[in-house]
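Read-outs throughout are calculated quantities, based only on the coordinates presented, and are distinct from any laboratory measurement. Predicted model, so just to flag it, every value in this text is computed and none were measured. As a convention, Cβ positions derive from the backbone with ideal geometry for all residues, glycine included, and neighbour counts pool all protein chains shown.
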Amino acid sequence: MAPKRRRAAADGSSELPPPPPPLRTAPSHLQPVVVFAHGAGAPSSSDWMVHWKDMVKDALDAVEVATFDYPCGKRRAPPKAEKLVDHHLGVVKDVVAEHPGHPLVLMGKSMGSRVSCMVANSDDIIVSAVICLGYPLKGMNGALRDETLLNLKIPTMFVQGSKDSLCPLDKLESTRKKMNCKNGLHVIDGGDHSFKIGKKYQECTGVNQQAAEMEAVKAIAKFVENSIAGT
């Protein structure tokens, strides 16, 4: 049984960690602009995307967290990630033009994180960091998809649920060791591909959904801060 991750206050309530402090110590021109890409299962307007957009914007004190939708139309299955790069890159260029001089961070959920990694290699933009939320390391056929990650030169952070079947942590660790860029990992204990922690797991371990998410956002803020300082 995993150790408990939270303490009970004197009044019996659960103590949640405070939100991470925003990056307000940096000059305003160092406030990042984030382009946040959705996954295959839900558009940018989904509750999940809006929730994480708001948390990240507050933690990073971002000048903007821009979201958009891929041109998937009414197809049952999304197109291959490679076919979404041009559209994604066009959105990024437009956002950068609106906020010149601000550090650029690319962030994506699942499929969106994979496309973000492809876009980050473009010679047309300067990226300070890439944040992958639930990176789909394994394809639908079970094959490992690490070629995009091995080509990356930009600092890259992974946030993964420990129970995410699309990204076994041992496979990700092996891939990270082969990557040619600075990279980090934050694991959400008990989280699935969308970081949802099962009720039984929370009861057995003391892990709390809100607290786990805030710890992840805190780790993201620290990684982005260090990456911006490094550039």
Which is farthest toward the positive dipole end of region 166-219 among 206, 188, 167, measuring Cα position about the Cα centre, with Cβ charges +1 (Lys, Arg) and -1 (Asp, Glu)?
167
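Take the Cα gyration tensor of region 108-231, multiply each eigenvalue by 5, square-root it, and list the three semi-axes largest first, rounded to whole angstrom.
Values: eigenvalues 126, 63, 24 Å².
Working from the Cα gyration tensor, I get semi-axes of 25, 18, 11 Å.
Looking only at region 94-231, where both bridge partners belong to it, what percent of the DSSP beta bridges are antiparallel (to the nearest 5)?
DSSP beta bridges in region 94-231 are roughly 10 percent antiparallel.
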Tally Lys and Arg at +1 and Asp and Glu at -1 over the other residues with C-beta under 13 Å from the C-beta of residue 218: what net charge comes out?
-3
Calculated FRET value between residue 177 and residue 222, using beta carbons and R₀ = 35 Å, to 0.05:
0.95
Relative packing of peptides 220-228, 33-41, 139-147 - highest average C-beta neighbours within 10 Å first:
33-41, 220-228, 139-147
